[in-house]
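Trainee: Pasting in a structure now, in structure tokens, and then I'll have a few things to ask.
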Amino acid sequence: MDQQKAGLCLSVLFFFLASYLVTDTWLWGYKGKYTNLRHWFPPKELVFTQKELLQYDGSDPTKKIYLAIKGEVFDVTAGRPYYSKGGGYGFFSGKDASRAYATGCFQTHLTHDLRGLTKQQLADIDGWASFYRNHQKYFKVGTVILDPIDPASPIPEDCRQPVAAKPSS
């Protein structure tokens, strides 16, 4: 039995060593969520109000950067150049902007209001949430308590509405 254990240990050691020699990584090039220690040892889940989440919008370089999708809050601090103020995705930071992930309207749709979206758009939002859940460097830290949407309020206006044609001369 001890010989079997020794053989198993040598096999595991060979697996990791061979991987490192061939690919310069310990897991044959795999770079998914399982290589992030936070996946195995997650932090205690935090609960934010929308106002509290806004403190983590990337404007303060000493604070982490969080964003939310459908109420799930993710730490995207590892992507500070992208998610801080002025970064290409900075408008997502510090809030739940689920609607904008589906519509691409980054001016009027930075909201968690999902009313009026198609099944495909809702699936797209789920896809983005999955992206953050399974990312190597980003990870879930908690949830945000979202303010209820008044059903009588207007649905956010689409920023890509066709412009009326110019009158012919």
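All of the numbers you see were taken from the coordinates with simple rules; none came from a lab. Here the structure is a predicted model, which is why all the values come from computation and not from measurement. Reconstructed Cβ throughout: ideal geometry from the backbone, glycine too, with neighbour counts over all protein chains shown.
Trainee: Can you compute the FRET efficiency between Gln3 and Lys44 using 1/(1 + (r/R0)^6), with r the Cβ-Cβ distance and R0 = 41 Å? Round to the nearest 0.05. Before the final figure, lay out the partial values.
Mentor: Details: r = 43 Å, r/R0 = 1.06.
It comes out at approximately 0.40.
Trainee: May I pose another question? Could you count how many Lys pairs in the stretch 23-123 have their Cα atoms under 25 Å apart, skipping same-chain pairs fewer than 8 positions apart?
Mentor: Lysine pairs meeting both conditions in the stretch 23-123 amount to 25.
Trainee: Something else: Need one number: nm distance between label points at Gln107 and Thr23, each 7 Å from Cα along Cα→Cβ, rounded to one decimal.
Mentor: Here the answer is 4.5 nm between the modelled labels.
Trainee: What is the helix-to-structure angle for 2-23, meaning the angle in degrees between its Cα long axis and the longest Cα principal axis of the chain, kept from 0 to 90 and rounded to the nearest 10?
Mentor: Computed tilt is about 50 degrees.
Trainee: Restricting to bridges with both residues inside the stretch 31-145, how much of the DSSP beta-bridge set is antiparallel, in percent to the nearest 5?
Mentor: Details: 8 of 13 bridges.
Antiparallel bridges: around 60 percent, rounded to the nearest 5.
Trainee: Pull out the extension gain between Leu54 and Leu122, defined as 0.36 nm times the separation in residues minus the alpha carbon to alpha carbon distance; nm, one decimal.
Mentor: Fully extending the segment from Leu54 to Leu122 adds 22.1 nm.
Trainee: Whole angstrom only: what separates the Cα centroid of the stretch 102-162 from the Cα centroid of the stretch 47-69?
Mentor: With the stretch 102-162 and the stretch 47-69 each reduced to a Cα centre, they are spaced 17 Å.
Trainee: Could you point to the label whose value was computed as Rg and Dmax of the Cα atoms in Å for the structure here, given (i) 16.9, 57; (ii) 21.9, 93; (iii) 16.8, 60?
Mentor: (ii)
Trainee: With unit charges on the beta carbons (Lys and Arg positive, Asp and Glu negative) and the dipole taken about the Cα centre of the chain, which residue among Ala100, Ser84, Leu54 sits farthest to the positive side?
Mentor: Toward the positive end, the furthest listed residue is Ser84.
Trainee: Only loop residues by DSSP count here, and only those with at most 10 other Cβ atoms within 10 Å; note down the trypsin sites (Lys or Arg not before Pro) in the stretch 36-110 that meet that.
Mentor: Filter output for the stretch 36-110: Lys44.
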